[in-house]
Each structure stands twice: as structure tokens, then as C-alpha cells.
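Colleague: Below is a structure I'd like to ask you about.
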Amino acid sequence: MNPINPVVISTWYHGEKANEVAARVLSEKGSALDAVVAGAAVSEEDPDVMDVGYGGLPDEDGTVTLDAAVVGSDGRSGSVAGMEGVVHAAAVARKVMEETKHAMIVGEGAKRFAIKMGFEEKNLLSEEARHRWLEWKKDPEKPTAWLGEHSLHETLGIVAMDQSGDLAGACTTSGEAWKIHGRVGDSPIIGAGLYVDNGVGGAAATGAGKEIISVCGSFLIVEKMRGGMSPQEACEHTLRRIIDRHGGDADFQVGFVALRKDGETGAASIQRPFEFALFKNDENRLIKAKAILEKQTDFYKTYLRNG
Ligand code: ASP
């Protein structure tokens, strides 16, 4: 059988570097799962990506906790949530999938499991993230996790198709900034932040975790593709489902990326900005996704970036 042209799709600007590494793995005949875990590691290690792994913005107590999931081509999955002190959360999620009978390991247990699996312990709070946290604490008008608006955040969701045409995905994040300690988002929840069915396609999410969980977002996209929608239609349908739950308007961001078994892709968000990275036909590009509502989410972005 002729090798299939690999495809990788991932969320946000840092997805571009993640795609590069994932595509290299695929060009060397690596599996889709190897590729997405290697891609996830790029964002996880990069301190300038303040939404994932090392350097991620902490919770309201100043503690960085990571959520991550993987789904393999064989339909198996694994995840970790609220994990402290280990950078490569997606790789730990893969170990949960491959080495245990469990679907998810959380908190202190996840860290202990990771260390047992040979992962190194590391302080995840970078100087810059600590500085932003201290600035946030000082601000009397700060956005908090106690109701109010969601902040804009850039989780890495990545879905790939390898040279055999098999699909796998990973999703990795430090979760919403300033969250309540112990809060778990959509990213490590299979069917919410990430879902892959090797016979149909895969999808991954970023944005307000509570909203994505409420509609089983990534699962819904894959099921809509199974029913005949294109990846683009399925992303938009799922976003509309979320918007409809809020009476036709939504003051928060959610973005999805999707990849179908035939290599066709889609991406969309509720508001601007949302960009995604697409590696296809040997080309890796950062693309602006279609926004369903004509709104710009920039306040919290500015807040988070300029601290
Ligand atoms: N979905 C992530 C979470 O809720 C945050 C994001 O990607 O915006 O933790």
C-alpha cells in the first residue's frame, strides 16, 4: 500500500512548532500517537507558552497544575488532571493508557505515578508566570474563577494522521489561569477536550472548559462527522450548540480543530481570535479560523500577556 500523506492539525500559534516536530516523527514513519505526544512536548517545554506545561500560569494559590489526555489509534485513551511538578503531561497520560487499567489519574497520585514511570520532577512555575500571578493578586479588579468571565487561554490540542492513515490525538494545558486549586477543565476529559475514532476522525478543543464539557464537544464533532458532516460543519455545529445554550450569544471563547479519516480538516471558534496550525501536503501553516460570532476577545489576552 502506498504511504498516506500525513496530516497534523493543532490549536494556536504554538501549534506550528508542535506540528513541525510531529510531522518529523511522521516522516520517519512514526505512529500518529508518537507524533502527537512529541508535538505536545514542544509546547509543554516552552516557557514562553504560558498556557501549557512549564511556564504555564498558575491557579489562584500560585500552583501550576497540568491536565492532559491522549487517544490512540486503537481507541484506547489515558489522562492526568491537576498534576503538579512534571512537565510532560501528555506523555504521562500515554503511560496511564499503556501501563495501567485506569482512564485517568489525578493530583498527587498523578505526580507519584509519573515519577514511578521515570519522569523527572521539576518546579513548573517560571519567574515570568510567578510575576504575572503576583501582579494578578495585587489587582483589586482582577478576574477570578469565582464566576465572572472566562479568561482567554491557549491549550494545545493536536490530532494527527500517520503514513498508515491511522489517527491519534493529544490535548495538554495548565488550565484556566487563576483557577481554583483542584479545578479540572475539559482537556483531560475524553470526549470533551479530545476525542478520536480511528474509523471516522478526531477533534480537540480550547477555550472555556465548562462549556466544552457541557456539550461533550470533541465527541460531538466526531459523531457529526460519522453522520456525514464535513469537519468544518461539525466544528461549527458544535459551537452553535454551545452558543444556543446561552440564548444565541456567548461572552467566552471556545475553539475546535478537527481531522477526518480522509485527511479533510476543519476549525472554528466562537469569537476572534483563534488560529490553528495545519501541516498538510508537506506544508505547515498558521491559519485564522472562522469565528461564528463577530466579536473580538482581547481584554483578557491583553491582561494575561501584559500582566
Ligand atoms: N480548555 C482549557 C481549560 O478549560 C483552557 C483553554 O484552552 O482555554 O482548562
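The values are calculated or read from the model by the stated rules, or taken from the named source; none is laboratory data. Everything quoted here is computed from the prediction, not taken from an experiment. As a convention, Cβ positions derive from the backbone with ideal geometry for all residues, glycine included, and neighbour counts pool all protein chains shown. Surface areas here come from the heavy atoms of the whole protein model, side chains and all, with no ligands, DNA or RNA. Shrake-Rupley method; radii C 1.70, N 1.55, O 1.52, S 1.80 Å.
Colleague: Find the residue count for segment 45-61, including only residues that are away from the ligand (no atom under 16 Å from the Cβ) and under 19 Å from A110 (Cα atoms).
Modeller: Of the residues in segment 45-61, 2 are away from the ligand (no atom under 16 Å from the Cβ) and under 19 Å from A110 (Cα atoms).
Colleague: If we scan segment 59-76, do we find a residue that is open to solvent by 20 Å² or more (accessible area, probe 1.4 Å), within 25 Å of I158 (Cα to Cα), among the aliphatic types (A, V, I, L, M) and in contact (Cβ under 8 Å) with a residue 24 or more places away in the chain?
Modeller: No, every residue in segment 59-76 fails to be open to solvent by 20 Å² or more (accessible area, probe 1.4 Å), within 25 Å of I158 (Cα to Cα), among the aliphatic types (A, V, I, L, M) and in contact (Cβ under 8 Å) with a residue 24 or more places away in the chain.
Colleague: All but one of (1) under 10 Å from the mean Cα position of the chain (by Cα); (2) charged (D, E, K, R); (3) more than 9 Å from the ligand (Cβ to nearest atom) hold for D166, so report the exception by its number.
Modeller: It fails just one condition, (1).
Colleague: Same structure, new question: For I242, state whether it is β-branched (V, I, T) and under 11 Å from A203 (Cβ atoms).
Modeller: no
Colleague: Let me ask something additional. Test A145 against the stated conditions and say whether it is touching a Lys or Arg at 6+ places or on another chain (Cβ under 9 Å), open to solvent by less than 70 Å² (accessible area, probe 1.4 Å) and either in a loop (DSSP other than H, G, I, E, B) or at pLDDT 95 or above (or both).
Modeller: So A145 passes the test.
Colleague: When you scan segment 17-35, do you find a residue that is of a type in the set (G, A, S), open to solvent by 10 Å² or more (accessible area, probe 1.4 Å) and under 16 Å from the mean Cα position of the chain (by Cα), even just one?
Modeller: There is no residue in segment 17-35 that is of a type in the set (G, A, S), open to solvent by 10 Å² or more (accessible area, probe 1.4 Å) and under 16 Å from the mean Cα position of the chain (by Cα).
Colleague: Now a separate question. May I ask you to say which residue of G266, G209 is open to solvent by less than 60 Å² (accessible area, probe 1.4 Å), within 24 Å of S174 (Cα to Cα), touching an Asp or Glu at 6+ places or on another chain (Cβ under 8 Å) and touching a residue at least 12 places away in the same chain (Cβ under 8 Å)?
Modeller: The conditions single out G209.
Colleague: Right, another one. Might you check whether a residue that is at pLDDT 95 or above and assigned to a helix (DSSP H, G or I) occurs anywhere in segment 67-89?
Modeller: Yes, that holds for at least one residue.
Colleague: Within the set of pairs 6+ apart or on separate chains, which have a first residue in segment 180-191 that is at pLDDT 95 or above, a second that is open to solvent by 60 Å² or more (accessible area, probe 1.4 Å) and within 8 Å of the ligand (Cβ to nearest atom), and C-beta atoms under 9 Å apart?
Modeller: As it stands, the answer is G185/K210; D186/K210, since those pairs meet every condition given.
Colleague: State the number of residues belonging to segment 198-253 that are within 14 Å of the ligand (Cβ to nearest atom), of a type in the set (K, R) and under 16 Å from A291 (Cβ atoms).
Modeller: Residues in segment 198-253 being within 14 Å of the ligand (Cβ to nearest atom), of a type in the set (K, R) and under 16 Å from A291 (Cβ atoms): 0 in total.
Colleague: Now for a separate question. Report whether or not K138 is modelled with pLDDT under 95, surrounded by fewer than 18 Cβ atoms within 10 Å (Cβ to Cβ) and more than 21 Å from L156 (Cβ to Cβ).
Modeller: When the stated conditions are applied, K138 passes them.
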